[in-house]
Amino acid sequence: MMYDFTIVGAGIVGLSTAYKLSLKYPEARILVVEKENKVAAHQTGKNSGVIHSGIYYKPGSYKAKNCVDGRHQLVDFCKKHGVAIEICGKVIVAADESEVPKLKEIYERGLQNEIEGIELIDADRLNELEPYVQGVAAIHVPCSGIVDYAGMCRKLMGLLEEGNGEVRFNSAVSNISNKGDEVVIEAGGDKISTRFLINCAGLYSDHVARFAGIHSPVKIVPFKGEYYELKPEAEYLVNDLIYPLPNPEFPFLGVHFTRMALGGIECGPNAVFAFKREGYKKLSFNLKETTETFNFPGFWKMAKEHWRMGLDEYKRSFSKKAFVKGLQKLIPDVREEHLKVSPAGIRAMALQPNGEILDDFYFEVVDRQIHVLNAPSPAATAGLAIGDEIVKRVEANFTFQQSA
Ligand SMILES: Cc1cc2nc3c(=O)[nH]c(=O)nc-3n(C[C@H](O)[C@H](O)[C@H](O)COP(=O)(O)OP(=O)(O)OC[C@H]3O[C@@H](n4cnc5c(N)ncnc54)[C@H](O)[C@@H]3O)c2cc1C
């Protein structure tokens, strides 16, 4: 059997891509290969579950465009297909006067990115929206929301399988080669022939690219995000989504309070270097992966630049007290006994050899293959729009003919 398109990875990017290809080419045979036994097993199923508005991102970037477009598509998709979703809005808070200029910059950026309904609000209005938050001013972002991303992935898979699509689990891709006008993929002991391959392997996207002989200068460095959950008796402290001002040097949004679409309120995530790409426990370690990162010059350049912040994050990782201190900057009433540990997620951060973080979504197109080598936050929000980006690249670079 010859597939037309094979997508590696059943996270939101891979499934959205497969779905968009199935809409564009309804006759195409589409296969998604996934090494785990379910969809959304990694970043997509272990994230904050927030629908980002697009307010933070550099105007004109893929992140800005795809986040806004993807958000609109996501809302329509989830409403149409009964996926748990709520547009509850969020606040980004300036804790004191020194933070107000930065808050205004983010607001201006939001206007440039045409984010609907955003408003600069004072402490009184903030207090009406989130009575337990301490802050001197805030941005109210009414179009942000919460969603069940794993549920959305299951729906995407269902729609794919109703057509000519198929998702194959327990199938880890271990080699990729071009043979004439086909690509041969080795996955879970099978050989799969396909006309075109799309790599959406998230935390292992650089490895999968390497299997295909692509040595991109960009390396994935894993950053763990640890969460606590508010115990039910403390849930009154949070109505919806409460964010601090982000540190402009990092692509992370700072530890925040997030109401979840399926219930519960999470606090986090922090951002600590992970010694294993999919190691979610506190002391998870993989020698081969750690050595690989330590042999990458970009890692040490980044570490030299940001070691102080890295140490602070480790402190917060090992000390609940320090974590709570960070949260109290937003909600002074939150206390250690209000929190229980919640599962962590791990972000795929693409680092360049000069130590700079690759900020925007990044795709490499080679003969019959497209590799998504950077799809960090807000890629879950933007998933359906990233699928469109990939369809555009297929149309522009490949001659697609339905296989016999
Ligand atoms: C802690 C955290 C919080 C976040 N919060 C948000 C948020 O609130 N909102 C938002 O929009 N974004 C958020 N993000 C970012 C978002 O979750 C990711 O950008 C997005 O999920 C990336 O999707 P993906 O499909 O590229 O990757 P993944 O979801 O990681 O999927 C990749 C898939 O590829 C599979 N795979 C890997 N290697 C192979 C192989 N060799 N063979 C076969 N399969 C393979 C993996 O098993 C995995 O299922 C967050 C991320 C994290 C980690």
Inset, instruction - Taking every Cα atom in segment 334-399, find the radius of gyration and the maximum pairwise distance Dmax, and write them in Å. - result: 17.4, 60
Inset, instruction - Report, in debye and to the nearest 20, how large the dipole of segment 108-182 comes out about its Cα centre when Lys and Arg carry +1 and Asp and Glu carry -1 on their Cβ. - result: 420
Legend entry - For segment 217-336: rounded, prolate or oblate by the Cα gyration tensor [a/c cutoff 1.5]: prolate
Legend entry - Where 4, 360, 69 fall by accessible area, highest first, once all protein chains stay in place (1.4 Å): 69, 360, 4
Legend entry - Net dipole in debye of the chain [+1 Lys, Arg Cβ; -1 Asp, Glu Cβ; about Cα centre; nearest 20]: 1100
Inset, instruction - Sticking to Cα atoms, compute the Rg of segment 125-274 to one decimal and its Dmax as the biggest Cα-Cα distance, whole number, in Å. - result: 21.4, 64
Inset, instruction - Among 390, 299, 253, flag the residue with its Cα farthest along the positive direction of the charge dipole of the chain, charges on Cβ as +1 for Lys/Arg and -1 for Asp/Glu. - result: 299
Inset, instruction - Place +1 on the Cβ of every Lys and Arg and -1 on the Cβ of every Asp and Glu in the chain, take the dipole about the Cα centre, and give the residue among 25, 350, 132 whose Cα lies farthest towards its positive end. - result: 350
Inset, instruction - Mind jotting down the three principal axis lengths of the chain based on Cα atoms? Whole angstrom, largest first. - result: 66, 46, 37
Legend entry - Rounded to the nearest 20 debye, dipole of segment 232-385 from Cβ charges on Lys, Arg, Asp, Glu: 600
Inset, instruction - Let me know the Kirkwood hydrodynamic radius for segment 13-147, please, with Cα pairs as the basis and the value in Å to one decimal. - result: 17.0
Inset, instruction - Just flag the trypsin sites (Lys or Arg not before Pro) in segment 231-281 sitting in loop per DSSP whose Cβ has no more than 16 other Cβ atoms within 10 Å. - result: 281
Legend entry - Filter on 46/276; 38/155; 58/219 - keep pairs with C-alpha separation over 18 Å: 58/219
Legend entry - Apportionment of accessible area to carbon and sulfur, the chain, percent (1.4 Å): 50
Inset, instruction - Determine which aspartates and glutamates satisfy two conditions relative to residue 191: a Cα distance under 13 Å, and not lying fewer than 8 residues away in the same chain. - result: 182
Inset, instruction - Leaving out ligands and nucleic acids, note down the accessible area per residue over the chain with a 1.4 angstrom probe, in whole Å². - result: 43
Legend entry - Per DSSP, loop GluC sites (Glu not before Pro) in segment 10-106 with at most 16 further Cβ within 10 Å: 27
Inset, instruction - Please list 249-255, 335-341 highest first by mean number of surrounding beta-carbon atoms within 10 Å per residue. - result: 249-255, 335-341
Legend entry - segment 17-84: trypsin sites (Lys or Arg not before Pro) in DSSP coil with no more than 16 other Cβ atoms inside 10 Å: 38
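The values are calculated or read from the model by the stated rules, or taken from the named source; none is laboratory data. Here the structure is a predicted model, which means the values were calculated and not measured. Neighbour counts are summed over all protein chains in view; Cβ atoms, including those assigned to glycine, are modelled from backbone coordinates with ideal geometry. Just the protein is used for accessible areas: all its heavy atoms, side chains included, with ligands, DNA and RNA removed. Shrake-Rupley method; radii C 1.70, N 1.55, O 1.52, S 1.80 Å.
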